[in-house]
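Trainee: Quick one: the structure is below, and I'll ask about it shortly.
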Amino acid sequence: MTSRWTIPGSGLYSIQPIRSKDLFEDQGDQGQLYKGQIFKDKQTLRGVVGLYALEERFEYKVRRSSHTRFAATCRKKGCEWVITAGKLKHGTYWHVKSFVKEHTCGDSGNYNIDFKRVSSYVIGELFARKFADPRCTLRPKDIISEFRDEHGINLSYNKAYRSKTCALHKAFGDPWESFKMLPSFFYMLEQSNPGTVTKIETDSEN
Ligand SMILES: [Zn+2]
């Protein structure tokens with residue numbers, strides 16, 4: 001006996017490939033943004049928008065950023081470059097709702113950007129893949145020279161240091177998240193071993 005599975009209404013849907021992951025697998029795809037694009041979460045979306053602007057040499061401004069919406073425009077007044085994105089109903093996925101690629105500000109491409117505005121987070125995104133490799137021993141000064149060679153941008157030591165921190169978080173997760181788990185771990189320990197006294201000492205920054 002053979003049976004066939006049919007999902008009611010499946011013809012109404014088209015499944016979009018999830019591309020956010022490939023963005024960091026394939027360097028050639030890094031500068032891509034398009035309508036309908038799906039990202040695994042909002043952080044990834046923000047990182048990719050930042051990298052896009054960096055590649056295209058223009059400055060953008062985040063106009064809206066909430067739990068469900070994101071919108072950014074070109075920083076030049078009146079320019080029509082815009083990207084809007086929204087969270088999908090289920091999961092953590094975000095998708096690009098509209099994207100106007102062309103600048104009407106007239107001087108897009110290779111104009112002077114105040115690169116102090118490129119966030120450490122965006123630079124961290126660029127280097128996260130390298131740090132995921134255990135052989136990687138990039139120091140802040142290596143980040144500075146690599147960024148100068150590849151993008152023609154001078155970073156301060158502090159920015160390179162913060163970027164490295166962001167890249168490590170991206171590659172290995174936030175260490176604070178693991179520390180936050182400690183109190184509930186001790187609670188479980190006390191519950192299963194009556195008589196155990198646990199104490200957590202914290203410094204002034206908690
Ligand atoms: Zn513009």
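Trainee: Give K141, K159, K130 a once-over and let me know the one that is surrounded by fewer than 18 Cβ atoms within 10 Å (Cβ to Cβ) and under 18 Å from the mean Cα position of the chain (by Cα).
Mentor: Being surrounded by fewer than 18 Cβ atoms within 10 Å (Cβ to Cβ) and under 18 Å from the mean Cα position of the chain (by Cα) holds for just one of K141, K159, K130, which is K130.
Trainee: Any idea which residue in segment 86-109 is farthest from the ligand (Cβ to nearest atom), counting only those that are modelled with pLDDT under 80 and of a type in the set (G, A, S)? Please lay out each step first, then the result.
Mentor: Our first condition is that a residue be modelled with pLDDT under 80; within segment 86-109, this holds for 106-109.
Of the ones still in play, those that are also of a type in the set (G, A, S) are 106, 108-109.
Values: G106: 8, S108: 5, G109: 10 Å.
Filtering first and then ranking leaves G109.
Trainee: Here's a follow-up. Looking at segment 62-81, is at least one residue among the aliphatic types (A, V, I, L, M), modelled with pLDDT of 90 or more and surrounded by 18 or more Cβ atoms within 10 Å (Cβ to Cβ)?
Mentor: Of the residues in segment 62-81, the ones among the aliphatic types (A, V, I, L, M) are 62, 71-72.
Pick out the ones that are also modelled with pLDDT of 90 or more and you get 62, 71-72.
Next, from what is left, pick out any that are surrounded by 18 or more Cβ atoms within 10 Å (Cβ to Cβ): 72.
Yes: segment 62-81 contains one or more residues that are among the aliphatic types (A, V, I, L, M), modelled with pLDDT of 90 or more and surrounded by 18 or more Cβ atoms within 10 Å (Cβ to Cβ).
Trainee: Can we say L51 is at pLDDT below 85 and in a helix (DSSP H, G or I)? Even if it seems obvious, please write down each step before you answer.
Mentor: Working: at pLDDT below 85: yes; in a helix (DSSP H, G or I): yes.
It is true that L51 is at pLDDT below 85 and in a helix (DSSP H, G or I).
Trainee: Is one or more of the residues making up segment 63-75 more than 14 Å from the ligand (Cβ to nearest atom), polar (S, T, N, Q) and either in the same structural domain as R129 (by TED's automatic domain parsing) or assigned to a loop (DSSP other than H, G, I, E, B) (or both)?
Mentor: yes
Table: residues versus (1) surrounded by 10 or more Cβ atoms within 10 Å (Cβ to Cβ); (2) modelled with pLDDT of 80 or more.
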residue	(1), (2)
Y111	yes, no
K116	no, no
H151	yes, no
K164	yes, yes
L189	yes, no
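Trainee: Determine the pairs where a residue that is of a type in the set (S, T, N, Q), located within segment 25-41, has a partner that is at pLDDT below 55 with Cβ atoms under 7 Å apart, the partner being 6 or more residues away or on another chain.
Mentor: Once the first residue is of a type in the set (S, T, N, Q) and sits in segment 25-41, its partners that are at pLDDT below 55 give Q30/L23; Q37/R19.
Trainee: Would you point out the residue of segment 82-96, among those that are of a type in the set (A, V, I, L, M) and within 15 Å of the chain's Cα centre (by Cα), that is surrounded by the most Cβ atoms within 10 Å (Cβ to Cβ)?
Mentor: Taking segment 82-96 first, the residues of a type in the set (A, V, I, L, M) are 82-83, 85, 88, 96.
If we keep only those that are within 15 Å of the chain's Cα centre (by Cα) as well, we get 85, 96.
Details: A85: 26, V96: 20.
So the residue we want is A85.
Trainee: Does L33 qualify as being within 15 Å of the chain's Cα centre (by Cα) and either outside the structural domain of S163 (by TED's automatic domain parsing) or crowded, with 20+ Cβ neighbours inside 10 Å (or both)? Working first, answer last.
Mentor: Details: within 15 Å of the chain's Cα centre (by Cα): yes; either outside the structural domain of S163 (by TED's automatic domain parsing) or crowded, with 20+ Cβ neighbours inside 10 Å (or both): yes.
Yes; evaluated as a whole, the condition is true for this residue.
Trainee: Quick one: is K170 closer than 23 Å to Y60 by Cα, at pLDDT 80 or above and not assigned by TED's automatic domain parsing to the domain that holds K61?
Mentor: no
The values are calculated or read from the model by the stated rules, or taken from the named source; none is laboratory data. Since the model is a prediction, treat every value here as computed from it, not as a measurement. All Cβ positions, glycine included, derive from the backbone under ideal geometry; neighbour counts span all protein chains shown.
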